[in-house]
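The values are calculated or read from the model by the stated rules, or taken from the named source; none is laboratory data. Remember, it's a predicted structure, so these values are computed and weren't measured experimentally. Reconstructed Cβ throughout: ideal geometry from the backbone, glycine too, with neighbour counts over all protein chains shown.
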Amino acid sequence: MCGIFGYVGPRRAAGPMILDALKRLEYRGYDSWGVAVGIDGHVGLSKRAGRIGDAVVDLPDACIGFGHTRWATHGGVSDVNAHPHLDCTGRFAVIHNGIIENFRTLRSRLESRGHVFRSETDTEVVSHLIEETVGASSEPCTVVEAVRQVFAMLRGLNAVIVLDTVTQQLVAAKNVSPLVVGRGEDAAYIASDAVALVGHAREVHYVEDREIVALGPDGVQFYDSATGAPRAAAFVPLTLREADMSLNGFDHYLIKEIHEQPRVLRRIAENYAEPVHHLAELISEAYGSFLIGCGTSSYAALTGSYLFSRIARRHVNFAVGSEFKYQEHFLTDRSLVIALSQSGETADIIDAVMAAKRAGARVAALVNVPGSTLDRLADFSIHLGAGPEQSVLSTKSYTAKVAILMLTAHVLNGSEHVGREHLWRAVDGVEQALAPASVQRIQEIAAYMADKEHCFVIGRGLSYPTALEAALKIKEISYIHAEGFAGGELKHGVIALVEEGTPCLVFSPIDETRDDILSGAMELRSRGGFIVGISPEPEEVFDIHLPVADVGDASPLVGVIPAQLLGYYLALRRGLDPDKPRNLAKSVTVK
Ligand code: M6R
C-alpha cells in the first residue's frame, strides 16, 4: 500500500515529472498524494487529500524530489496527514510505506525533547529522528548513517525514503515492504513498484532488507544496513514495456484486463509444461502441502484444493493467508507451502511464508510480479505471465492461477493431456463469455440489479470458491452487498435474508453438483429470489440464463467471467470508478 516514486537527475522540472509518475502508482493508495523537491537546503512541498486527478504542482525547479500516494493507516485522510513529512528545520522530508509499530513511544520521546509534530501519522517520527541524529552527533553524521541508525529503531514492515535538501540525496531503507531502484540514461529513480519506472529506467535493482540505498549527484550507492560499509548490488534489465501499461483503447483497466484473459490462458496452455511438472513433483515429494492466499488469491487457492482432490485424489490443505499462523500446521522440512499472490507483496502472505521458512518448509509461489518479495523468498516460483494488473480488482491473475493449478492436478494424476484439453476449451469458453451478445445480457442484468441492496451467489463443489470470488467481484466494486455460499448452506440460515426480487446467482456446471445446486436454486425461487443461472444449459428454475461453455474441470475459469463483467457494469451503472474502489488498494502491504 502507498505508492512511492523518487528522482535524482539533470531534469530541472522534477516536480511535474514525479506527479506524473505517481499517477501510475495510484492503485497502491489514493487517499492523498504529495510531492517534495529539494532546493538549496529547504523543501518545496505540494500535497493534498484526494486523488491526483488533474492536479498540477506549482513547485520551484529542482533536480531531486520524491512523491507519495497514500492509503491511510495512522491519521485520517487530510492534507496535513498526506506525505511527505518534514522535520522541524525543514531540511529533511520523509515518505514511508508500512506501519511503524512503536511510533507512539518514539513520538512521545521526541515531543518531550521539544520536537513539534504537524501530523497524526506514524511517519513523521522519522523526519524528527533524522533531524536529531544528523544534528546531535558530536562527530559529523552523514544522512546515510542517520537513516541506518534511525531505521534500526523502527519496528514493523516498512520502507522509508529521506530527502536531504543539503546533500541533495534520497536515502532509503526497507524491511519487507518493497522498493526498487532504477537507473536510466543519466538519472536514478526509486519506487515502490517497477511499473512506475517504465519509460524512465533501463535497469533495476530490487532493494534487499539489509541494504541502505543513496541516490545523489554521484549516482547510486549501496551500504550494508548492519555495518554501514559500502556494498555492491546487481542491476537487471527492466523488461516491462510502455504498451503493457496502456489502456489499449478500453475505458478502464478492469475491462481491459478482463478481456486479456483468453490471451493469458492461451499462453499458459502453450508454455507452462515445465513449471507445472516441477510443482507437481514438489507436491508429490512433500509430506503435507498447503495452499495459501488472501482475497481473490485465497479463492484461487481454495479452488486448487478442490481441483487436487477431484482430479488427483490428493489432499492439499487450504488456509487463508492471514489466518495461517494461528493454526498449528506441524510444518516440517518435508512440508510444502504454495503461496498464491498477484502482487507478491501481500503482508499476510509474506508473514506466513517467512514463518513456513523458519519451520524449514519448502515454499512454492504462484506470483504475477517478477522480483516481488514473495518471488524472491520462494524456493520455486511460477510467474503467471498475466502482465501488469493495474485495476485494483484481480481478474486475469485469478484465472491464471486457477489454470496452472488445474494443469498441475492433472499432471499429478497422469492425465496432463485431459487438463490441457479442458484448458483449451476454456480459452474458447472465455472468448464466448466475452462476446458482444454475452456482454449485452450482463448489461441487462446489471440494469436490473443496480438499485438492489443485496445479492446472493451459490455454488457447490468446484463452484463454491467460484461463488465466493463472484460475490467479491460484485461487492468490492459496486458496493452492493453480495454474499457467496456453498449451496447446501443456504437452508442453515442465509435463506432468511431472501425476499421478493433478491438477485441470486447460481453456478450450475455440468458436474456432480448439478442436481443439488438446482434444488438450492428452487428453494431460493420459492422465497421470491430472482435466479440468474450461470450454466451450459438452460433450466426451468432460471429467471435469466447466462450460457457458459461446458469445459469440464476448467469450469471455474468460464464461470467467473460473467461475475467479473457484472461487477464492472454495475459499477458503471452506479456511477462508480471501476478501477479504484473506495477504501481499497492493489497491494496490501500492511497486516
Ligand atoms: O496481490 P495478492 O494476490 O496477494 O492480493 C490479494 C488480495 O489483496 C486481492 O486479491 C484483493 O482481494 C483484490 N481486491 C481482489 O479483487
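Quick notes on this one:
- Selection of the stretch 532-591 for residues being within 15 Å of LEU518 (Cα to Cα) and aromatic (Phe, Trp, Tyr) yields only PHE542.
- Of the residues making up the stretch 476-500, those that are free of Cβ contacts under 8 Å to residues at least 24 places away in the same chain and either among the small types (Gly, Ala, Ser) or within 16 Å of the ligand (Cβ to nearest atom) (or both) are GLY493, ALA496.
- Selection from the stretch 545-576 of residues that are among the acidic types (Asp, Glu) and more than 23 Å from SER297 (Cβ to Cβ): ASP550
- Top-ranked residue of the stretch 387-397 - restricted to ones that are more than 14 Å from ALA433 (Cβ to Cβ) and near the ligand (Cβ under 8 Å from one of its atoms), ranked as surrounded by the fewest Cβ atoms within 10 Å (Cβ to Cβ): VAL392
- The lone exception for GLY484 - which of (1) at pLDDT below 95; (2) part of a strand (DSSP E or B) it fails: (1)
- Restricting LEU557, LEU576 to residues that are surrounded by 24 or more Cβ atoms within 10 Å (Cβ to Cβ) and either within 16 Å of the ligand (Cβ to nearest atom) or in contact (Cβ under 8 Å) with a residue 40 or more places away in the chain (or both) narrows the list to LEU557.
- Within the stretch 440-486, tally of residues that are of a type outside the set (A, V, I, L, M, F, W, C) and under 21 Å from the mean Cα position of the chain (by Cα): 8
- Lone unmet requirement of (1) surrounded by 21 or more Cβ atoms within 10 Å (Cβ to Cβ); (2) away from the ligand (no atom under 16 Å from the Cβ) for SER587: (2)
- Qualifying positions in the stretch 537-555 - touching a helix residue (DSSP H, G or I) at 6+ places or on another chain (Cβ under 9 Å) and closer than 14 Å to LEU505 by Cα: GLU539, VAL541, PHE542, ASP543, ILE544, HIS545, LEU546, PRO547, VAL548
- Test result for GLY44, surrounded by fewer than 24 Cβ atoms within 10 Å (Cβ to Cβ) and not basic (Lys, Arg): yes
- Qualifying residue in the stretch 180-193 (condition: under 26 Å from GLY34 (Cβ atoms), out of contact with any helix residue (DSSP H, G or I) (no Cβ under 6 Å at 6 or more places or on another chain), modelled with pLDDT under 95 and hydroxyl-bearing (Ser, Thr, Tyr)): yes
- Residue match in the stretch 466-481 (condition: closer than 27 Å to ILE292 by Cα and acidic (Asp, Glu)): yes
- Residue in the stretch 443-458 that is within 16 Å of the ligand (Cβ to nearest atom) and either over 19 Å from LEU576 (Cβ atoms) or not in a helix (DSSP H, G or I) (or both) present: yes
- Conditions (1) closer than 21 Å to TYR299 by Cα; (2) in contact with a Leu (Cβ under 8 Å, 6 or more places away or on another chain); (3) modelled with pLDDT under 95: number failed by CYS504: (3)
- Filtered residue count, the stretch 450-500, keeping only those that are in contact with a helix residue (DSSP H, G or I) (Cβ under 7 Å, 6 or more places away or on another chain), of a type in the set (A, V, I, L, M) and surrounded by fewer than 24 Cβ atoms within 10 Å (Cβ to Cβ): 8
- Verdict on ALA361 being surrounded by fewer than 18 Cβ atoms within 10 Å (Cβ to Cβ), away from the ligand (no atom under 15 Å from the Cβ), among the aliphatic types (A, V, I, L, M) and under 20 Å from SER322 (Cα atoms): no
- The set of residues in the stretch 305-324 that are away from the ligand (no atom under 16 Å from the Cβ) and not hydrophobic (A, V, I, L, M, F, W, C) comprises SER305, TYR306, SER309, ARG310, ARG313, ARG314, HIS315, ASN317.
- Checking each residue in the stretch 323-357 for being hydroxyl-bearing (Ser, Thr, Tyr), surrounded by fewer than 21 Cβ atoms within 10 Å (Cβ to Cβ) and modelled with pLDDT of 90 or more picks out THR332, SER335.
- Residues that are surrounded by fewer than 21 Cβ atoms within 10 Å (Cβ to Cβ) and either part of a helix (DSSP H, G or I) or at pLDDT 95 or above (or both) occur at least once in the stretch 405-414.
- Residue match in the stretch 206-217 (condition: within 16 Å of the ligand (Cβ to nearest atom), in contact (Cβ under 8 Å) with a residue 24 or more places away in the chain, touching a Pro at 6+ places or on another chain (Cβ under 8 Å) and not β-branched (Val, Ile, Thr)): no
- Residue selection: ASP375 fails the criterion of being in contact (Cβ under 8 Å) with a residue 40 or more places away in the chain and either away from the ligand (no atom under 11 Å from the Cβ) or surrounded by 22 or more Cβ atoms within 10 Å (Cβ to Cβ) (or both).
This table checks each residue for (1) without any contact (Cβ under 8 Å) to a residue 60 or more places away in the chain; (2) surrounded by fewer than 22 Cβ atoms within 10 Å (Cβ to Cβ); (3) within 16 Å of the ligand (Cβ to nearest atom).
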residue: MET245; (1), (2), (3): no, yes, no
residue: ASN248; (1), (2), (3): yes, yes, no
residue: TYR253; (1), (2), (3): no, no, yes
residue: PRO262; (1), (2), (3): no, yes, no
residue: ARG267; (1), (2), (3): no, yes, no
residue: GLU281; (1), (2), (3): yes, yes, no
residue: TYR287; (1), (2), (3): yes, yes, no
residue: THR303; (1), (2), (3): no, no, yes
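- Here GLY50 fulfils each of the conditions (1) buried (at least 16 other Cβ atoms within 10 Å of the Cβ); (2) farther than 12 Å from THR121 by Cα; (3) not polar (S, T, N, Q) apart from (1).
- Where helices (runs of 4 or more DSSP H) sit wholly within the stretch 49-166, those with at least 3 residues that are free of Cβ contacts under 8 Å to residues at least 12 places away in the same chain occupy 103-112.
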